[in-house]
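Below is one structure, written out as structure tokens; the observations come after it.
The values are calculated or read from the model by the stated rules, or taken from the named source; none is laboratory data. Keep in mind that this is a model prediction, so the values were computed, not measured. Here the Cβ is made from the backbone with ideal geometry for all residues, glycine too, and neighbour counts use every protein chain on show.
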Amino acid sequence: MRDFILKRVAAIILPFICTYGFYVILHGHVSPGGSFAGGIIVGLSFIAFSTIYGIEKGRARLPETVLTWTESFGTLWYGIMGMVGITKGAPFLANKLAGIDLGVPGTLSSGGLISLIGLGVGIRVASTIVTLFFTMMEEKS
Amino acid sequence: MRIGKLLILLVALLVAYGILITVAELPPYGMPDNPVHNQVSERYINEAVEDTGVLNMVTAIVLDYRAYDTMFETIVLFTATLAVVITLKTSKREESGK
Amino acid sequence: MHFVAVDYWIMILLFILVVASLAMYFIKDLVHAVIVYGAYSLTMALIWLQMNTPDLAITEAAAGICMTVLMMVVIFRTSRREE
């Protein structure tokens, strides 16, 4: 996998794939898609990078501490977003009951907490896939 | 040996027959008077935009109406990753020691 | 009992699905079986698209590619191609 053409094509195309993944995550409440599909696309762009450029360069882009922190905080972020409802006197994970402004349906800022929760879940899924890939690649058999 | 294989084939054909009979008895796809179209889906379709302010109804159900479900789904993902990392990871200290 | 006029595209795609899943069982080389699994998940994504569920189509396509890559990594790491 040390081909010149492959490296140049990947250098052009991979930023767009990563950006498209974040687009799918952030527009999950307006258009088809969602946090799970977008997170998998973001993770696949990093997996393709470290397959083409070598596992060491991929590790240099995403160190182990970064993956560990995103992995843990993606799960914790969901709980923190649920606590917003409790602080306003509503049930856990409440959205409309907590009195959050829902905005105009169809715009990017609509939906209250939903887009924030979706962003957390998407980053969490991406870090899951990248962690699985790195762990399997670096296994000493 | 031969009779055992024939018996397995017979059981497999019987199970396939039962499954196909069940599929033939299902209500036709996409009809408006199917039993899936009850008051639950009616409520979601009519009031999802008003309740959550989200146009994509799948996201509205996954991240708002059924938010507990998605939360424990992410916890399941976290646990699965944890198990894989604990099983397969070789730490730096252990590597240099040997 | 009455039948609905089923779209013929779904019939063709379901036939490809059955053939691909049978082929995955009979192929001995594991890498070839993983490639056939990619074709299976692409066909499944097309079926979801025919049934008007683009959400599931996107997720199926992305997760199928992801599973293909991860299974290939496992096969090459364990260096055991023939089962």
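Residue A:77 passes every criterion in (1) touching a Gly at 6+ places or on another chain (Cβ under 6 Å); (2) surrounded by 20 or more Cβ atoms within 10 Å (Cβ to Cβ) apart from (2).
Residue count for region A:29-38 under the criterion of being more than 9 Å from chain C (Cβ to nearest Cβ) and surrounded by 24 or more Cβ atoms within 10 Å (Cβ to Cβ): the result is 2. In region A:14-67, what count of residues is obtained for those that are without any contact (Cβ under 8 Å) to a residue 12 or more places away in the chain and of a type in the set (S, T, N, Q)? Going through region A:14-67 one residue at a time, the tally reaches 3. Applying the condition of being within 9 Å of another protein chain (Cβ to nearest Cβ) and under 30 Å from residue B:84 (Cβ atoms) to region A:82-114 and asking which residue is surrounded by the most Cβ atoms within 10 Å (Cβ to Cβ) yields A:114. None of C:51, C:72 is among the aliphatic types (A, V, I, L, M), surrounded by fewer than 16 Cβ atoms within 10 Å (Cβ to Cβ) and within 10 Å of another protein chain (Cβ to nearest Cβ) except C:51. Would region B:31-47 turn up any residue that is within 14 Å of chain A (Cβ to nearest Cβ), under 30 Å from residue A:77 (Cα atoms) and surrounded by fewer than 17 Cβ atoms within 10 Å (Cβ to Cβ)? Looking for residues that are within 14 Å of chain A (Cβ to nearest Cβ), under 30 Å from residue A:77 (Cα atoms) and surrounded by fewer than 17 Cβ atoms within 10 Å (Cβ to Cβ), one finds at least one in region B:31-47, hence yes.
Does residue A:16 qualify as being surrounded by 14 or more Cβ atoms within 10 Å (Cβ to Cβ) and part of a helix (DSSP H, G or I)? I'd like the intermediate steps shown before the answer.
On the way: surrounded by 14 or more Cβ atoms within 10 Å (Cβ to Cβ): no; part of a helix (DSSP H, G or I): yes.
When the stated conditions are applied, residue A:16 does not pass them.
Taken together, the criteria exclude residue A:45 from residues that are at pLDDT below 90 and either on the phi > 0 side of the Ramachandran plot or of a type in the set (Ser, Thr, Tyr) (or both). Annotation: of all residues in region A:115-131 being among the hydroxyl-bearing types (Ser, Thr, Tyr) and in contact with a Ser or Thr (Cβ under 7 Å, 6 or more places away or on another chain), the one that is surrounded by the most Cβ atoms within 10 Å (Cβ to Cβ) is A:127.
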